[in-house]
Amino acid sequence: MKKLLLLPLLFAFSLMANAQSTDYHAFKVDLQVGYAIPSGSSGSGGTKAGATVTIQPHYRVTDDFALGLRFEAAAIGYVNKTVSTDTKVYLLTSYFFTAEYYLVHSGFRPFIGAGGGLVNQESAQAGSGYNGLVSGGGRFGAFPELGFEYGHLRVSADYDAMGKGADYFAFKIGAFFGGGTKKK
């Protein structure tokens, strides 16, 4: 059984060694901050707002395709207008495997991407006779993503499907370190 699992790993590593990026450095790390807009119905028509922070290391398999990991933390708040003291905040952390495909080879580089992995959710609630922190536990989540890179600037938009009323749109801006063009 162990030999059966070892064969696909050796095959994947040999592909990565042969298909490594030629014009760009292979490793890069994205750092982004952004605005999160909840898509859930929590809050009964009240104020909805959020913020997100992302760290995403990548390995460029080719110049146009990258695999990576995404670590993201988001805080999303709801204030119920019908009950002025009812406030809820979702605290979300996610750990996703990612894949990105760059549509243009150099300069302004739009990309599409997707990912999936584990999500941990906690919620803090105040008002309506209840105050406290509630753990939502871990579960699977996923996201599609669109964006672009120019120089070391990175701008992206994604829809994070987290489940349990905690889905959100995120618009992010940041920079990446490493991964730039190789000097010829």
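Distance between the pseudo-spin-label points of Thr62 and Ala161 (7 Å out from Cα toward the beta carbon): 2.7 nm. Working from label points 7 Å from Cα in the Cα-to-Cβ sense, the Leu31 to Ser135 distance is 3.1 nm.
Given the Cα-Cα distance of Phe97 and Ala75 and 0.36 nm per residue of separation, how much length would full extension add, in nm?
Details: separation 22, 0.36 × 22 = 7.92 nm, distance 2.09 nm.
5.8 nm is the gain from fully extending Phe97 to Ala75.
For Ser39, the residues whose modelled amide H falls within less than 5 Å of its own, excluding neighbours fewer than 5 places apart on the same chain, are Asp167, Tyr168, Phe169. Annotation: amide H-H contacts under 5 Å for Val61 (H modelled 1.01 Å from N, sequence separation of 5 or more, or interchain): Ala66, Leu67. The value given for the stretch 86-184 is a Kirkwood hydrodynamic radius of 15.7 Å, derived from the mean inverse Cα-Cα separation.
When the alpha carbon coordinates of the stretch 22-178 are projected onto the principal axes, the ranges are 61, 26, 20 Å, largest first.
Bear in mind that the values in this text are calculations on the coordinates, not laboratory data. Quick caveat: nothing in here was measured; it's all calculated off a predicted structure. Positions of Cβ are backbone-derived with ideal geometry, glycine not excepted, and every protein chain shown enters the neighbour counts.
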